[in-house]
Amino acid sequence: MLLPVPPIETARLTLRPFTPDDFDAFYAYQSRPDVTRYLQWQARNPAQARQALAEQCRETALDAEGDWLTYAVVWRETGRMVGEVGLKWLSREHRGGETGFVFNPDYHGRGLATEAAECMLRVGFESLGWHRIIGCCDARNTASARLMERLGMRREAHLRHTEMVKGEWADELVYAMLDHEWGERRRERGAR
Ligand SMILES: CC(C)(COP(=O)(O)OP(=O)(O)OC[C@H]1O[C@@H](n2cnc3c(N)ncnc32)[C@H](O)[C@@H]1OP(=O)(O)O)[C@@H](O)C(=O)NCCC(=O)NCCS
């Protein structure tokens, strides 16, 4: 698939592929139970984080449905790697994908994750030509839901008890945006 050549720059951020040198910054958030509270995986020990980082270093292309394209997010002002965003290719036939994001809590509350996720919508719609991009989160994950609402994604579903998260039944919210909605939003806000 046609992908923008990284690094991709937004107002404050540089999005680039992960490298093994990212380990310390990666482990800093991947090891935190408050980060993984509403995710399907547990906080990682160093060995698990090394394995996850090695996998994410390889997520640089979308060759087949199910593949993830993952970017390390660097806040240029500090030079720090503050989190990750990505796109998962869901369907070739239906031109669909999903976005996801995980940020280090030390850098929450500044709009950095929103800026990075908005860049993923741009890549998905404008570079990959997708028709529909979804985002899913645990219904208790209000920070994630607020982020998707800030992006202008529509809440399409509240699914009851769809998955077990950390031993409890969890509800799932599904957000979505279509390519024409992205275009309208860009026009309203003035293309940047
Ligand atoms: C989901 C997650 C990335 C959201 O992080 P976040 O810090 O809330 O998101 P942002 O970086 O976009 O910051 C947004 C907040 O900064 C504020 N903000 C400050 N300056 C801002 C700016 N210039 N632009 C936008 N928002 C700004 C916003 O008002 C918002 O605050 P609010 O949530 O109190 O309304 C984060 O909670 C996380 O990593 N969680 C753990 C992993 C996870 O659950 N991922 C989601 C899986 S579905």
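The values are calculated or read from the model by the stated rules, or taken from the named source; none is laboratory data. Just so we're clear, the structure is a prediction, and the values are computed from it rather than from any experiment. Cβ coordinates were reconstructed from backbone atoms using ideal geometry, including for glycine residues, and neighbour counts include every protein chain displayed. Surface areas here come from the heavy atoms of the whole protein model, side chains and all, with no ligands, DNA or RNA. Shrake-Rupley method; radii C 1.70, N 1.55, O 1.52, S 1.80 Å.
What to note about this one:
- Subset of the stretch 146-173 [over 19 Å from Gly97 (Cβ atoms), open to solvent by less than 60 Å² (accessible area, probe 1.4 Å) and in contact with a Leu (Cβ under 9 Å, 6 or more places away or on another chain)]: Val165, Asp171
- Across the stretch 32-41, the number of residues qualifying as free of Cβ contacts under 8 Å to residues at least 24 places away in the same chain and under 18 Å from the mean Cα position of the chain (by Cα) comes to 2.
- Residue match in the stretch 174-181 (condition: part of a strand (DSSP E or B), under 14 Å from Tyr38 (Cα atoms) and in contact with a Lys or Arg (Cβ under 7 Å, 6 or more places away or on another chain)): no
- The stretch 55-86 - residue that is of a type in the set (Phe, Trp, Tyr) and closer than 13 Å to Ala113 by Cβ and, of those, surrounded by the fewest Cβ atoms within 10 Å (Cβ to Cβ): Trp75
- Single residue of the stretch 125-142 satisfying the filter (open to solvent by less than 10 Å² (accessible area, probe 1.4 Å) and either of a type in the set (Asp, Glu) or more than 16 Å from the ligand (Cβ to nearest atom) (or both)) that is nearest to Arg160 (Cα to Cα): Asp138
- Looking only at residues in the stretch 87-124 that are of a type in the set (Lys, Arg) and more than 7 Å from the ligand (Cβ to nearest atom), the one that is surrounded by the fewest Cβ atoms within 10 Å (Cβ to Cβ) is Arg92.
- Residue list for the stretch 18-54, restricted to those being acidic (Asp, Glu), open to solvent by 50 Å² or more (accessible area, probe 1.4 Å) and in contact with a helix residue (DSSP H, G or I) (Cβ under 9 Å, 6 or more places away or on another chain): Asp34
- Of all the listed residues (Arg185, Arg155, Arg189), the sole one being over 21 Å from Phe18 (Cα atoms) and touching a strand residue (DSSP E or B) at 6+ places or on another chain (Cβ under 7 Å) is Arg155.
- Subset of the stretch 45-82 (residues that are within 13 Å of the ligand (Cβ to nearest atom) and within 29 Å of Asp171 (Cα to Cα)): Val73, Val82
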